[in-house]
């Protein structure tokens, strides 16, 4: 049986990947419709996301212009 390497990311890891804080990941991004659902061991604890799902989601949303407008 071939095993593929799955990496599970914390909110800190996801934040680093997306260049945002872990708090923004937990309080805003993770609540966004279509964002990958986290794994929580025993239904509790700190959420973990599959790296491949986060990369797929980020690539699908990389051209989004949502969010706060920048001050000029």
Answer residue from segment 45-61, given it is part of a loop (DSSP other than H, G, I, E, B) and touching a residue at least 24 places away in the same chain (Cβ under 8 Å) and is surrounded by the most Cβ atoms within 10 Å (Cβ to Cβ) among those: 47
Candidate set: segment 22-44, residues that are out of contact with any strand residue (DSSP E or B) (no Cβ under 9 Å at 6 or more places or on another chain) and farther than 18 Å from residue 61 by Cβ; chosen: the one surrounded by the most Cβ atoms within 10 Å (Cβ to Cβ): 22
Residue tally, condition farther than 16 Å from residue 61 by Cα and surrounded by 11 or more Cβ atoms within 10 Å (Cβ to Cβ), over segment 1-21: 9
Residue match in segment 62-72 (condition: modelled with pLDDT under 95 and not in a loop (DSSP other than H, G, I, E, B)): no
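The values are calculated or read from the model by the stated rules, or taken from the named source; none is laboratory data. Values in this document were obtained by computation on a predicted structure and should not be read as measured data. For neighbour counting, all protein chains shown are included, and Cβ atoms are generated from backbone atoms with ideal geometry for every residue, glycine included.
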